[in-house]
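Colleague: Sharing a structure here in structure tokens format.
The values are calculated or read from the model by the stated rules, or taken from the named source; none is laboratory data. As the structure is a prediction and not an experimental result, all values here were calculated from the model. Cβ coordinates were reconstructed from backbone atoms using ideal geometry, including for glycine residues, and neighbour counts include every protein chain displayed.
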Amino acid sequence: MPIDHESKREFERYSVSLKADVELLNDMAASHSEAVVLQDISGGGTRFVTTRPELYSIGDTVDLTIHLPGGDSLNAEIKGVGKVVWMGELDEGETTVGLCMNDLLVFDQFNGESD
């Protein structure tokens, strides 16, 4: 029977399509990082799609960097750390990953200069 995630949520989720980077923070010798697209976001979490579900497990901690539309001109991103709280297969052979954020997301401005 499918899990009813909606009834467990404290915050309303909003459908988005935002580019983001996730970096798996675990005890493995090699860390994993990938570019993803967020499918929705709320005050307490977000959901993204991966084609590499074998890299994630419930309970894993990930570092999330959300790239804002127009972020290059703003020189800004939104960052946070979250925990994988659920995973589910999609029809296209991809897997959706649900994150619960550990704390508030942080708006982070950078200098915009490249090396």
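Colleague: Within the range 101-112, does at least one residue satisfy the condition of being out of contact with any strand residue (DSSP E or B) (no Cβ under 7 Å at 6 or more places or on another chain), among the polar types (S, T, N, Q), loosely packed, with under 11 Cβ neighbours inside 10 Å and free of Cβ contacts under 8 Å to residues at least 12 places away in the same chain?
Modeller: Within the range 101-112, not a single residue is out of contact with any strand residue (DSSP E or B) (no Cβ under 7 Å at 6 or more places or on another chain), among the polar types (S, T, N, Q), loosely packed, with under 11 Cβ neighbours inside 10 Å and free of Cβ contacts under 8 Å to residues at least 12 places away in the same chain.
Colleague: While we're looking at this one, here's another question. Filter the range 97-115 for residues that are of a type in the set (A, V, I, L, M) and part of a strand (DSSP E or B); which is modelled with the lowest pLDDT?
Modeller: 106
Colleague: Residues of the range 45-65 being part of a loop (DSSP other than H, G, I, E, B) and either surrounded by 17 or more Cβ atoms within 10 Å (Cβ to Cβ) or on the phi > 0 side of the Ramachandran plot (or both), which ones?
Modeller: 56, 59, 60
Colleague: Do we have residue 26 as modelled with pLDDT under 80 and out of contact with any strand residue (DSSP E or B) (no Cβ under 8 Å at 6 or more places or on another chain) here?
Modeller: So residue 26 fails the test.
Colleague: Moving on to the next point. Quick check, is residue 80 part of a strand (DSSP E or B), free of Cβ contacts under 8 Å to residues at least 40 places away in the same chain, surrounded by 12 or more Cβ atoms within 10 Å (Cβ to Cβ) and not basic (Lys, Arg)?
Modeller: Taking the combined requirement at face value, the residue satisfies it.
Colleague: Among the residues of the range 69-96, which ones are at pLDDT 85 or above and among the aliphatic types (A, V, I, L, M)?
Modeller: If the condition is that a residue be at pLDDT 85 or above and among the aliphatic types (A, V, I, L, M), then 78, 81, 84, 85, 87 are the ones that fit.
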